[in-house]
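Notes to accompany the following structure.
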Amino acid sequence: MRYKSLVFALVASVLLVSLLASSGVGTRAIAGRQYHPANLIDIPVLNYHKVDAKYSSALSLSPQEFDEQMSYLYENGYHTITPDQFMAYLKYGRDLPEKPVLVTFDDGYFDNYTQAYFIMKKYGFTGTIFLVTSKIGQDARFMSWDQVREMQHNGFVFGSHTVNHQPLTNLSPEEAIAELEESSQVMEQQLGSKPRYFAYPSGAYNQQVEQLVRQTGYRAAFTVRYGQAGLESDPFAIERIPIFKSSQSFRSFYYRLTAAPLLERLGLIR
């Protein structure tokens, strides 16, 4: 099987993949964790944006490429989980399905509904989408609130990606709080509850921004730092595995997904 043949190239690719890894600072342990199972595993959190063949951006996979990646996860026994399941596992040791993976999307593009949603449904998968609330229902490139509600009804989770997608590190504390609070209020009005999870626009964050996200009521926040999420992860700076388009998109996906545990053991990330 061609998937298995890629394993032999993995070790040779470690140095290449490590160049893609964020060096970053060490993350802090999750505060208030009440359970410490000895066999707790790290979990891959995949980060997508667009699923549309019309765009050549590195952030845009074709539907065929995305389907191939979801097919790989399905055929290799992965099970998608929600952020609530993920946090309950890390904090309290709650059970997860075998080979858990958290699939996330940033921004809320229209093709997340027309393409990614239906591909994932084919495999029995769900995902988490972080919305730029000023775009939803207002910009034809993004989903409508009716589409968001349909996906929510079918198991997808929605978090905030601010109102206007401005990097919070570029804003004053007052402006950042306004972006965080207004996006939460709009989502509560449209979806019936406040979002519990947040993703930093452009991946930009610092300690001050983390604290603002905490104080505005979010339960956790996601970055674009490469790595798997586990016991050592800061709940307000959770690592993800960004998935990009390339000349060999599947191979890039495979290496990034499977190299993260090895790179962590070697101390090259986190």
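Among the residues of region 166-200, those that are touching a residue at least 60 places away in the same chain (Cβ under 8 Å) and either in contact with a Pro (Cβ under 9 Å, 6 or more places away or on another chain) or charged (D, E, K, R) (or both) comprise Arg196, Tyr197.
Restricting region 87-125 to residues that are under 18 Å from Tyr74 (Cα atoms) and of a type in the set (A, V, I, L, M), the residue that is surrounded by the most Cβ atoms within 10 Å (Cβ to Cβ) is Ala116.
When region 55-85 is filtered for residues that are touching a helix residue (DSSP H, G or I) at 6+ places or on another chain (Cβ under 7 Å), in a helix (DSSP H, G or I) and hydrophobic (A, V, I, L, M, F, W, C), the ones remaining, listed by number, are Phe66, Met70. Consider region 150-168. How many of its residues are surrounded by 15 or more Cβ atoms within 10 Å (Cβ to Cβ) and closer than 25 Å to Asp84 by Cα? So the count comes out to 12. Could you tell me which residue of region 169-211 is surrounded by the most Cβ atoms within 10 Å (Cβ to Cβ), considering only residues that are touching a Lys or Arg at 6+ places or on another chain (Cβ under 9 Å) and of a type in the set (D, E, K, R)? Applying the filter and picking the extreme gives Arg196. Of everything listed in (1) out of contact with any helix residue (DSSP H, G or I) (no Cβ under 8 Å at 6 or more places or on another chain); (2) at pLDDT below 95; (3) not in a loop (DSSP other than H, G, I, E, B), the single unmet condition for Gly26 is (3).
The values are calculated or read from the model by the stated rules, or taken from the named source; none is laboratory data. None of these values were measured; they are calculated from a predicted model. Positions of Cβ are backbone-derived with ideal geometry, glycine not excepted, and every protein chain shown enters the neighbour counts.
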